[in-house]
Amino acid sequence: MPWMFILEMREDGALVYRLAGSSLEGALGCSMSGQTYCSVFSETEQATIMEELHATALVQSSGILRSGCFKMESTDKYDLEVISLPFADSRAMGGVILVGFVRPFEVGNRAFIDKWGEFDQQLKRLFVVPSPRIVRLQHLSERVFQSLIDLKVTLRVMDLPRVMEIDDQGMHHKFAEVPSLSLDTFSKLNTQGLN
């Protein structure tokens with residue numbers, strides 16, 4: 001729970017934090033609940049890309065797994081891994097909901113100092129998670145599509161059966177990369193289509 005968040009899409013399309021765990025708020029030094037995604041992370045281009053990707057994922061009923069790194073101060077750098085999934089019943093809580101989880105990290109903000117605007121993230125890998133549908137390239141805006149090209153980030157599909165197999169065998173610690181498929185390969189394997 002301390003590392004979990006819930007984003008809700010308002011009628012105007014803005015993503016609002018309905019809930020943010022205490023560890024996330026502690027790292028940023030402020031309450032995130034009730035704030036829009038862009039108000040929390042508006043200082044960087046990659047943050048606006050991620051906001052649009054989250055919104056696209058919500059509309060398409062697809063999960064997103066992203067990894068990379070971030071800095072909140074010039075000297076501190078942390079690994080970043082965030083998975084977000086659409087709520088099973090998108091209207092169950094009164095709005096379109098995305099539930100996410102940030103991999104725990106150590107951050108020294110014991111004084112609860114406001115660090116909004118200092119969050120500089122670098123996206124390295126981006127996966128769509130079939131849940132039940134997926135985000136495809138044609139769902140992305142031209143700006144996001146071009147940004148991913150500029151960042152040399154390829155959108156791939158998480159290979160869920162392989163991930164579950166590895167987890168069942170307790171072998172996940174031996175894999176540095178998330179098992180994944182290209183969008184084309186995934187489409188060929190799923191001829192009936194998810195979308």
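Does segment 36-48 include one or more residues that are outside any loop (DSSP other than H, G, I, E, B), closer than 25 Å to Leu181 by Cβ and at pLDDT 85 or above? Write out each step before concluding.
Pass one, segment 36-48, residues outside any loop (DSSP other than H, G, I, E, B): 36-40, 45-48.
Retained after the next criterion (residues that are closer than 25 Å to Leu181 by Cβ): 46.
Then drop every residue that is not at pLDDT 85 or above, which leaves none.
Taking every residue of segment 36-48 in turn, none turns out to be outside any loop (DSSP other than H, G, I, E, B), closer than 25 Å to Leu181 by Cβ and at pLDDT 85 or above.
Selection of segment 1-27 for residues being among the hydrophobic types (A, V, I, L, M, F, W, C), surrounded by 15 or more Cβ atoms within 10 Å (Cβ to Cβ) and free of Cβ contacts under 8 Å to residues at least 24 places away in the same chain yields Val16, Leu19, Ala20.
Matching residues to (1) at pLDDT below 85; (2) of a type in the set (D, E, K, R); (3) touching a Phe, Trp or Tyr at 6+ places or on another chain (Cβ under 9 Å):
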site	(1), (2), (3)
Arg110	yes, yes, no
Trp116	yes, no, yes
Asp120	yes, yes, yes
Phe145	no, no, no
Val178	no, no, yes
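Within segment 8-29, can you find the residues that are of a type in the set (Asp, Glu) and assigned to a strand (DSSP E or B)?
Here is the first cut: in segment 8-29, the residues of a type in the set (Asp, Glu) are 8, 11-12, 25.
Passing the criteria: only Glu8.
Contact map, segment 138-160: residues that are closer than 19 Å to Gln121 by Cβ and touching a residue at least 24 places away in the same chain (Cβ under 8 Å) paired with residues that are part of a helix (DSSP H, G or I) and among the aliphatic types (A, V, I, L, M), Cβ distance under 6 Å, separation 6+ or inter-chain. Pairs shown: Val144/Ile49; Ser147/Ile49.
The values are calculated or read from the model by the stated rules, or taken from the named source; none is laboratory data. No experiment lies behind these values; they were computed from the predicted model shown. When we count neighbours, we look across all protein chains shown, and the Cβ atoms used for this are built from the backbone with ideal geometry, even at glycine.
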